[in-house]
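The values are calculated or read from the model by the stated rules, or taken from the named source; none is laboratory data. Please read these numbers as outputs of a predicted model, since none were measured by experiment. Reconstructed Cβ throughout: ideal geometry from the backbone, glycine too, with neighbour counts over all protein chains shown.
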Amino acid sequence: DAKTTQPNSMESNEEEPVHLPCNHSTISGTDYIHWYRQLPSQGPEYVIHGLTSNVNNRMASLAIAEDRKSSTLILHRATLRDAAVYYCILKAWGGATNKLIFGTGTLLAVQP
Amino acid sequence: EAQVTQNPRYLITVTGKKLTVTCSQNMNHEYMSWYRQDPGLGLRQIYYSMNVEVTDKGDVPEGYKVSRKEKRNFPLILESPSPNQTSLYFCASHQNSDTQYFGPGTRLTVL
C-alpha cells in the first residue's frame with residue numbers, strides 16, 4: 001500500500017472550517033483514499049472515503065486533487081468534539097486482509 | 001445500535017498468565033480483525049478472519065492466537081503474555097471494503 005504524509009498537528013477555532021491535508025504522491029489507480037479519526041480514549045472511527053471525485057457526507061467533505069496525489073479533509077464547522085487524531089489511509093479495493101495501514105496522523109486541536 | 005464490544009477494557013496481568021480478550025459485533029459482518037496500537041508505531045494488524053473458521057496472520061501475530069467459531073465473536077488469546085505485549089488492543093469488523101467499525105479498545109499491561 002502506498003504511503004501518505006500528513007502534518008503532525010493542526011489547530012483550529014471552534015465553528016471555523018478546518019482543512020486537513022494529505023499527500024500521497026505514489027497512489028495507484030486502484031487505491032481508495034480513506035479518512036478515519038480517533039477521539040481520545042476511543043477506537044478509530046470512519047469519516048469518509050473516495051476514489052476520484054469529491055465526496056460529502058454528514059461528517060465531512062473530501063476534496064481530491066485532479067492528479068490524485070493529494071487530498072484534503074474538510075470539516076465545515078469544527079466543534080470541540082472534533083478534536084482527535086485524523087488518519088489518511090490508502091487502501092486498494094478488496095484484498096484478503098482488508099487491513100488498514102495507519103500512519104501517525106494529524107492531531108487536531110480545537111480552541112473554544 | 002451497530003457496535004463492536006470488547007472485554008475487558010482494562011487488564012493488568014503478570015508474565016505467563018494466559019488471558020483472553022473477547023470481541024463481539026452485532027452487524028453480521030464477515031470480516032473481523034485485531035490491531036494493537038503502540039506509541040510511534042500506529043495501529044498494526046495482529047490477526048484477521050474472513051469468516052467462521054477462517055483466520056490468518058496479520059503483520060504482528062507472534063505470541064497471539066485467535067479463533068472464530070461464531071460469526072459474531074473473535075477472541076484474542078495470549079497463551080503466555082510477556083511485557084512486550086503491553087499495548088492498546090482494538091478489534092474491528094466490516095462487511096466490505098468501505099467501512100471498518102472499531103471497538104473501544106482494551107488496555108493491557110503485562111508486568
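Odds and ends about this structure:
- For the range B:62-84, the set of residues classified as more than 11 Å from the chain's Cα centre (by Cα) and either assigned to a strand (DSSP E or B) or without any contact (Cβ under 8 Å) to a residue 60 or more places away in the chain (or both) consists of B:E62, B:G63, B:R68, B:K69, B:E70, B:K71, B:R72, B:N84, listed by residue number.
- Test: residue in the range B:42-52 that is within 9 Å of another protein chain (Cβ to nearest Cβ) and either surrounded by fewer than 13 Cβ atoms within 10 Å (Cβ to Cβ) or in contact with a His (Cβ under 6 Å, 6 or more places away or on another chain) (or both): no
- Hey, A:E45 among the acidic types (D, E) and within 13 Å of the chain's Cα centre (by Cα) or not: yes
- All conditions in (1) free of Cβ contacts under 8 Å to residues at least 24 places away in the same chain; (2) in a strand (DSSP E or B) hold for A:S71, with the sole exception of (1).
- Hits in the range A:16-40 (condition: surrounded by 22 or more Cβ atoms within 10 Å (Cβ to Cβ) and hydroxyl-bearing (S, T, Y)): A:Y36
- Per the conditions (1) part of a loop (DSSP other than H, G, I, E, B); (2) more than 14 Å from every other protein chain (Cβ to nearest Cβ), the sole criterion not satisfied by A:P40 is (2).
- Among residues of the range B:51-91, those that are within 18 Å of B:P104 (Cα to Cα) and among the small types (G, A, S), counted: 1
- Residue that is surrounded by the fewest Cβ atoms within 10 Å (Cβ to Cβ) [pool: residues in the range A:56-68 that are modelled with pLDDT of 95 or more and either of a type in the set (S, T, Y) or in contact with a strand residue (DSSP E or B) (Cβ under 7 Å, 6 or more places away or on another chain) (or both)]: A:A65
- Qualifying residue in the range B:24-40 (condition: loosely packed, with under 14 Cβ neighbours inside 10 Å, farther than 28 Å from A:H34 by Cβ and more than 14 Å from every other protein chain (Cβ to nearest Cβ)): no
- When restricted to residues that are touching a Phe, Trp or Tyr at 6+ places or on another chain (Cβ under 9 Å), surrounded by fewer than 17 Cβ atoms within 10 Å (Cβ to Cβ) and more than 14 Å from every other protein chain (Cβ to nearest Cβ), the range B:65-111 contains 5.
- Any hit, the range A:88-104, residues being closer than 24 Å to B:Q37 by Cα, modelled with pLDDT of 95 or more, within 11 Å of chain B (Cβ to nearest Cβ) and crowded, with 18+ Cβ neighbours inside 10 Å: no
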